[in-house]
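Chemist: Have a look at this one before I ask anything.
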Amino acid sequence: MAYGTTNNFDDWLLNNPNYYVSPEDISLAKNNATFADTLMSSKDQYYTGGDKAQANNLLENARAMYGNYTAGKSGNAYTPTKNYGSQYTDKIDSLLNDITEPEEFTYDYIDDPAYQSILQTAQREGARSAENTMGNYAGMTGGLPSSAAVAAAQQANNYQLSQVQDAIPTLYNAAYGRYQDQQNNKLNALGAVQSVDNTGYGRYRDTVGDYTTEQARQDALKQLKEKWLKSY
């Protein structure tokens, strides 16, 4: 049964004056429709011949989940519970910010160590090629320099340097690939941190559930003790 709005909750209170509903439960129900539904259905079950233990457990879990308190079987033993405090909140927020607002990808081949390495190799090989070409021409001309030898040496050097320019697109793609890998790593890190955080929250919820069960057990023991004292 869905009750829904605050008006329905107020009507329900008026129509069921024999139900005990604590001030804390009323306040929470007026501010949380989901809790209000659980409160009303649990109280209806409790007061109309349903499974009282089940109704109480459902309501206690809802109190702990939405209001961070329990109230015992009677509903009037208000006891605050410890809020879940994630130690990963800052890390998750930081990763989310990096992922949703990433730094813009930029690339300048001059600053790329790989480019500088290729350039140095090309300059060294270009000088060697030019020197070899000059040597070959000198052998043909008896050691005399010629414009043809100079032109051929320059051409050999330029060829080596042209290899550097040809490498720039490959270097750009490699840099962009690293940028994408960094973003993917952040996504994976976010998933891992959230998984650990969810595990921690699950343990917290188990603790709250255990606390609620223990509270119900203590209430039952108290009632048995009172019953025994009366019959003694």
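Chemist: Using a Förster distance of 22 angstrom, determine the FRET efficiency expected from the C-beta separation of Ala114 and Ser94, and round it to 0.05.
Modeler: The calculated FRET efficiency here is 0.15.
Chemist: Continuing with this model, one more query. Quick one: which residues, 5 or more positions from Thr70 or on another chain, have an amide H under 5 Å from its amide H? H modelled 1.01 Å from N in the peptide plane, none for Pro or chain starts.
Modeler: For Thr70, whose amide H was placed from the backbone, the distant partners under 5 Å are Thr79, Thr81.
Chemist: What shape does the range 6-81 have by the C-alpha gyration tensor, where a ≥ b ≥ c are the square roots of the eigenvalues, rounded means a/c under 1.5, and otherwise prolate means a/b greater than b/c and oblate the rest?
Modeler: Note, shape of the range 6-81 comes out oblate.
Chemist: Another question, if that's okay. Can you compute 3J(HN,Hα) from phi for each residue in the range 103-117, using the Karplus curve 6.51 cos²θ - 1.76 cosθ + 1.60 with θ = phi - 60°, rounded to whole Hz and x for Gly and Pro?
Modeler: So the Karplus estimates, Gly and Pro as x, are 5, 5, 6, 10, 8, 10, 4, 4, 8, 7, x, 5, 5, 4, 5 Hz.
Chemist: In nm, what is the difference between 0.36 nm times the number of residues separating Asn31 and Gln54 and their Cα-Cα distance?
Modeler: Full extension from Asn31 to Gln54 adds 5.9 nm.
Chemist: Continuing with this model, one more query. How much length is gained if the chain between Tyr47 and Asn16 is pulled fully straight, taking 0.36 nm per residue apart and subtracting their Cα-Cα distance, in nm to one decimal?
Modeler: Length gained, Tyr47 through Asn16: 10.2 nm.
Chemist: Loop-only trypsin sites (Lys or Arg not before Pro) in the range 40-86, please: DSSP not H, G, I, E or B, and at most 15 other Cβ atoms within 10 Å.
Modeler: Lys82
Chemist: Sorting Tyr176, Tyr66 on the 10 Å Cβ count, fewest up front, what's the list?
Modeler: Tyr176, Tyr66
Chemist: Still on this structure, please answer the following. Between Asn76 and Ala189, what is the label-to-label distance in nm when each label sits 7 Å out along the Cα-to-Cβ direction?
Modeler: Placing both labels 7 Å beyond Cα along the Cβ direction yields 5.5 nm.
Rule-based calculations on the coordinates, nothing more; no lab input. Everything quoted here is computed from the prediction, not taken from an experiment. Note: ideal-geometry Cβ built from the backbone for every residue, glycine included; neighbour counts use all protein chains shown.
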